[in-house]
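Asker: Let me begin by handing over the structure; questions about it come next.
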Amino acid sequence: MDLLSATLARVRPSPTVTITNRAAELAAGGADIIALSAGEPDFDTPPHIREAGKKAIDEGKTRYTAVDGIAELKRAICAKLSRENALHYEPAQISVSSGGKQVLYNALMASLDPGDEVLIPAPYWVSYPDMTRLAGGTPVILPCAPEAGFKLTPRQLAEAITPRSKWLILNAPSNPTGAAYTREELAALGEVVAAHPWLHVMSDEIYEHLVFDGFKAHSIAAAAPRIAERVLLCNGMSKAFAMTGWRIGYGAGPAPLIAAMRKIQSQSTNNPCSVSQWAAVAALEGPQAFLDEWRTVFARRRDLVVRALNGCEGIECPTPQGAFYVYPSIAGCIGKRSAGGAMLGSDEDFAAALLEEQGVAVVFGAAFGMSPAFRVSYAASDHVLEEACGRIARFCAGLQ
Ligand code: PLP
């Protein structure tokens, strides 16, 4: 009898691990490595949020809490959704977990039976297909090309739906492309969902506040009110409040699903960190002005990176509306040989050779389900980004 389960065999090891490990090895050996591979803001958690965490410790708020979140946090989440998204939920429709990732995982575990299909537009966040497999479901990948702005069309959605389609996972602004949908585009997708009553939408809105050029991110629950009861809205503190390490995410949706998610959490991790929950209350109820500053900084960095990458031979880099990633195509580099002698047959080869020869770590497109491309996280200083783009330009200029 094998020690490891058959379920595990369905899940791929993280495709980003190889490059991350190699970058760490090279750095440990003294190489000058620039990592543009991390999915987290480079800002510190704002002071008023840190203070709320310290205060919670000093006040002894350090014990178990209600499994899926303290009442104060659930109320703050309901108020946020009402104020910012014009969506009205009761606390019984809210689930708080250890990060947005756990919300998604609980929801898939709570709802999928073998054979159930999860529609996932690509490029996708790396975890969606593997979480789906782990929960016993079948990921169905819907390719969304750069020419379509990396966005799912209503027609494509309609053609992909089968009687087994349980979820559509929408993530906008997107990791890895930064693409976001207008309210009208979401309403049109919502019409297709409305016509298939067994289909639900997991709407991952974790980058909603990181949008540029006056773009406003919308929830499909608000843009398509007819299907609001079939939407699980997923969000969290990690990206907008620079709280990746605090581990607080939340879901808002149908009460029976929320209760099922609570059951799973009660038998796995129990409550999210008590101190972090109080910090999250302060984040949601406190001043939000710092976000304007962050958006300005991110937009400047986005423009810097897009301009620089479009100046590299063989690279084409679209300008995204949000998040802190760009997803350039490297079709013009594939089939060439690098100055260091590596044959670039795939985007994985490209990322490996870029790391070995120029010391820049990026994540190759195959990890996100659309090639040949790579993802750059521009959550780094302007100076670091300029240096990294200079190295990428040298790497591309050396291709033959
Ligand atoms: N969803 C997307 C699209 C993400 O990029 C991430 C983090 O990278 C998450 C969810 C999960 O974030 P967390 O678990 O830190 O809340």
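Asker: Can you run down the residue pairs with Cβ atoms below 8 Å, 6 or more apart or on separate chains, where the first is in the stretch 319-340 and at positive phi and without any contact (Cβ under 8 Å) to a residue 60 or more places away in the chain and the partner is surrounded by fewer than 22 Cβ atoms within 10 Å (Cβ to Cβ) and not charged (D, E, K, R)?
Answerer: Close Cβ pairs satisfying both conditions: 335/345.
Asker: Another one. Residue by residue through the stretch 190-232, note down the ones that are small (Gly, Ala, Ser), away from the ligand (no atom under 16 Å from the Cβ) and closer than 24 Å to residue 127 by Cβ. Before you say what the answer is, go through the steps one by one.
Answerer: Of all residues in the stretch 190-232, those small (Gly, Ala, Ser) come to 190, 194-195, 203, 214, 217, 219, 221-224, 228.
Still in the list and also away from the ligand (no atom under 16 Å from the Cβ): 190, 194-195, 214, 221-224, 228.
Selection gives 221 alone.
Asker: Based on this model, can you work out whether residue 353 counts as surrounded by fewer than 23 Cβ atoms within 10 Å (Cβ to Cβ) and at pLDDT below 95?
Answerer: Considered against the rule, which asks whether it is surrounded by fewer than 23 Cβ atoms within 10 Å (Cβ to Cβ) and at pLDDT below 95, residue 353 comes out as no.
Asker: Now for a different question. Output the helices (runs of 4 or more DSSP H) that fall wholly within the stretch 176-277 and possess 2 or more residues being in contact (Cβ under 8 Å) with a residue 60 or more places away in the chain, or say none. Before the answer, list the steps.
Answerer: Values: elements: 183-194, 220-223, 255-266.
Qualifying helices (runs of 4 or more DSSP H): 220-223, 255-266.
Asker: Can you tell me which residue among 244, 269, 296 is away from the ligand (no atom under 16 Å from the Cβ), surrounded by fewer than 21 Cβ atoms within 10 Å (Cβ to Cβ) and not hydrophobic (A, V, I, L, M, F, W, C)? Can you show your working first?
Answerer: Values: 244 fails: away from the ligand (no atom under 16 Å from the Cβ); 269 fails: away from the ligand (no atom under 16 Å from the Cβ).
None of the other options fit; the residue is 296.
Yes or no, residue by residue, for (1) at pLDDT 90 or above; (2) surrounded by 12 or more Cβ atoms within 10 Å (Cβ to Cβ); (3) touching a Ser or Thr at 6+ places or on another chain (Cβ under 8 Å):
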{"position": "3", "(1), (2), (3)": "yes, no, no"}
{"position": "12", "(1), (2), (3)": "no, no, no"}
{"position": "22", "(1), (2), (3)": "no, yes, no"}
{"position": "28", "(1), (2), (3)": "yes, no, no"}
{"position": "32", "(1), (2), (3)": "yes, no, no"}
{"position": "45", "(1), (2), (3)": "yes, yes, no"}
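Asker: Hey, does the stretch 126-138 have a residue that's away from the ligand (no atom under 14 Å from the Cβ), among the β-branched types (Val, Ile, Thr) and over 19 Å from residue 253 (Cβ atoms)?
Answerer: Within the stretch 126-138, one or more residues are away from the ligand (no atom under 14 Å from the Cβ), among the β-branched types (Val, Ile, Thr) and over 19 Å from residue 253 (Cβ atoms).
Asker: Right, something else. Sort out which residues of the stretch 358-387 are over 24 Å from residue 294 (Cα atoms) and free of Cβ contacts under 8 Å to residues at least 40 places away in the same chain, and write them in order of number.
Answerer: 358, 371
Asker: Another one. Tell me, please, whether a residue that is in contact with a Lys or Arg (Cβ under 9 Å, 6 or more places away or on another chain), of a type in the set (Lys, Arg) and buried (at least 17 other Cβ atoms within 10 Å of the Cβ) can be found in the stretch 143-155.
Answerer: no
Asker: If you don't mind, there's one more thing I want to ask. When both residues are 6+ apart or on different chains and their Cβ atoms are under 8 Å apart, which pairs have a first residue that lies in the stretch 306-318 and is in a helix (DSSP H, G or I), and a second that is surrounded by fewer than 20 Cβ atoms within 10 Å (Cβ to Cβ)?
Answerer: 306/318; 306/319; 308/386; 308/390; 308/393; 310/316
Listed here are the residues, each with its yes/no results for (1) farther than 25 Å from residue 267 by Cβ; (2) at pLDDT 95 or above; (3) outside the structural domain of residue 11 (by TED's automatic domain parsing); (4) under 23 Å from the mean Cα position of the chain (by Cα).
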site: 55; (1), (2), (3), (4): yes, yes, yes, no
site: 74; (1), (2), (3), (4): no, yes, yes, yes
site: 103; (1), (2), (3), (4): no, yes, yes, yes
site: 107; (1), (2), (3), (4): no, yes, yes, yes
site: 114; (1), (2), (3), (4): no, yes, yes, no
site: 123; (1), (2), (3), (4): yes, yes, yes, yes
site: 129; (1), (2), (3), (4): no, yes, yes, yes
site: 132; (1), (2), (3), (4): no, yes, yes, yes
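Asker: I would also like to ask the following. Just to be sure I understand the filter: pairs with C-beta atoms under 8 Å, separated by 6 or more residues or on different chains, first member in the stretch 84-110 and without any contact (Cβ under 8 Å) to a residue 24 or more places away in the chain, second member away from the ligand (no atom under 16 Å from the Cβ). Which pairs pass?
Answerer: Short answer, once both residue conditions are applied: 88/78; 88/81; 88/82; 91/71; 91/74; 91/75; 91/78.
Asker: Just one of the numbered conditions (1) farther than 14 Å from residue 235 by Cβ; (2) touching a helix residue (DSSP H, G or I) at 6+ places or on another chain (Cβ under 9 Å); (3) away from the ligand (no atom under 16 Å from the Cβ) is not true of residue 114; which one?
Answerer: In the conditions (1) farther than 14 Å from residue 235 by Cβ; (2) touching a helix residue (DSSP H, G or I) at 6+ places or on another chain (Cβ under 9 Å); (3) away from the ligand (no atom under 16 Å from the Cβ), residue 114 misses (2) alone.
Per-residue answers, yes or no, for (1) touching a Leu at 6+ places or on another chain (Cβ under 8 Å); (2) within 18 Å of residue 326 (Cα to Cα):
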site	(1), (2)
345	no, no
350	yes, yes
356	yes, no
359	yes, no
397	no, no
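The values are calculated or read from the model by the stated rules, or taken from the named source; none is laboratory data. Given the structure is predicted, the values throughout are model-derived calculations rather than measurements. Glycine also receives a Cβ, built like all others from the backbone with ideal geometry; neighbour counts cover every protein chain displayed.
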